[in-house]
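For reference, the structure discussed in these notes is given below.
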Amino acid sequence: MADALAPLTRLLDRYRAQDPVEEADLARVRELVETSDAPWDRSTPLHVTGSAFVVHPGTNRVLLRWHERQQAWLHVGGHFDPGENDPLDVALREGREETGLRDLAPWPDAELVHLAIVPVPAKGAEPAHEHADLRFVLATGVPGTITAERPDAPLRWLTLPEALESSDLPNLRESLARVERLVRLPGVR
């Protein structure tokens with residue numbers, strides 16, 4: 001099982017938390033990985049998910065998706081499917097499924113932009129739980145080709161300041177601030 005955990009372990013080993021909240025979240029995720037053969041197993045109260053902020057570098061816009069369960073405009077992403085063990089692969093698959101964008105690629109590289117443990121409310125028979133959300137940035141060159149996965153999950157392009165204004169969730173605002181710093185770096189396009 002160590003081989004199955006290798007992509008996740010390597011990613012966490014390279015990652016450096018940027019504040020005390022993230023440091024505590026990273027410690028919890030490392031402990032989860034050390035004590036579980038499948039830290040992405042949805043049956044556990046805390047499990048790893050892969051997600052991404054989709055950007056169009058040419059216009060410095062970010063794509064947000066309405067999440068009915070959370071009642072908020074958030075980034076794309078979700079759970080590992082059977083056989084998946086790489087968080088970036090999950091983020092790419094989920095990004096393509098949720099946006100219809102086929103050209104998504106890691107941007108400006110394939111590293112994490114943020115790690116955040118977030119609460120997920122109960123729904124139906126599924127109890128409340130937490131996601132250890134591993135967040136990447138993906139870019140598209142064809143922003144006008146988005147297609148919402150479902151009618152109750154609309155998509156919208158926002159400037160980064162507009163996206164920051166649209167949320168009062170501290171972890172989302174922190175991720176968006178990091179994305180904004182990336183798109184403003186000279187020579188990064």
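The residues packed around Arg30, meaning those with a beta-carbon under 13 Å from its beta-carbon, carry a net charge of -2 if Lys and Arg are +1 and Asp and Glu are -1. The modelled label-to-label distance for the pair Ala177/Asp152, using points 7 Å beyond Cα in the direction of Cβ, is 3.4 nm. Other residues lying with their Cβ under 11 Å from the Cβ of Gly95 contribute a combined charge of -2, Lys and Arg counting +1, Asp and Glu -1.
Taking each residue as 0.36 nm, the span from Leu169 to Glu97 lengthens on full extension beyond its C-alpha to C-alpha distance by 23.5 nm.
Rank Ser43, Ser166, Ser175 by mean-square fluctuation in a GNM of the chain with C-alpha springs under 10 angstrom and give only the top-ranked residue. Between Ser43, Ser166, Ser175, it is Ser43 that shows the largest mean-square fluctuation.
Once you have the Cα-Cα distance between Thr44 and Asp89, take 0.36 nm times their residue separation minus that, and quote the gain in nm to one decimal.
On the way: separation 45, 0.36 × 45 = 16.20 nm, distance 2.12 nm.
Residue separation times 0.36 nm, minus the Cα-Cα distance, leaves 14.1 nm.
Extension gain, His129-Thr159: 0.36 nm per intervening residue step, less the Cα-Cα distance, totals 7.7 nm. Entry note, the chain: relative contact order of 25 percent, from Cα contacts under 8 Å with a spacing of 6+ residues. Summed over the residues of region 17-113 and divided among them, the accessible surface reaches 44 Å² per residue at a probe radius of 1.4 Å. The phi-based Karplus calculation (6.51 cos²θ - 1.76 cosθ + 1.60; θ = phi - 60°) puts the 3J(HN,Hα) values of region 71-84 at 6, 7, 7, 10, 6, 8, x, x, 7, 6, 8, x, x, 8 Hz, whole numbers, x for Gly and Pro. Express the carbon and sulfur contribution to the solvent-accessible surface of region 51-180 as a percent, rounded to the nearest whole number, probe 1.4 angstrom. That share works out to 53 percent.
Build a GNM of the chain with springs between Cα atoms under 10 Å apart, and of Leu115, Leu158, Leu64 the one that fluctuates most is Leu158.
Angle, helix 20-35 long axis vs. longest principal axis of the chain, Cα atoms, 0 to 90°, nearest 10? The answer is roughly 50 degrees. DSSP finds beta bridges in the chain, and of those with both partners inside it, around 70 percent are antiparallel. Which of these, Val48, Val33, Val120, has the largest mean-square fluctuation under a Gaussian network model of the chain (Cα springs below 10 Å)? Comparing Val48, Val33, Val120 in a Gaussian network model of the chain, the most mobile one is Val120. Taking a Cβ cut-off of under 10 Å around Leu5, the surrounding Lys, Arg, Asp and Glu residues balance to a net charge of -2, with basic ones at +1 and acidic ones at -1.
The values are calculated or read from the model by the stated rules, or taken from the named source; none is laboratory data. In this text the structure is predicted, and so the values were computed from the model without any measurement. When we count neighbours, we look across all protein chains shown, and the Cβ atoms used for this are built from the backbone with ideal geometry, even at glycine. Just the protein is used for accessible areas: all its heavy atoms, side chains included, with ligands, DNA and RNA removed. Shrake-Rupley method; radii C 1.70, N 1.55, O 1.52, S 1.80 Å.
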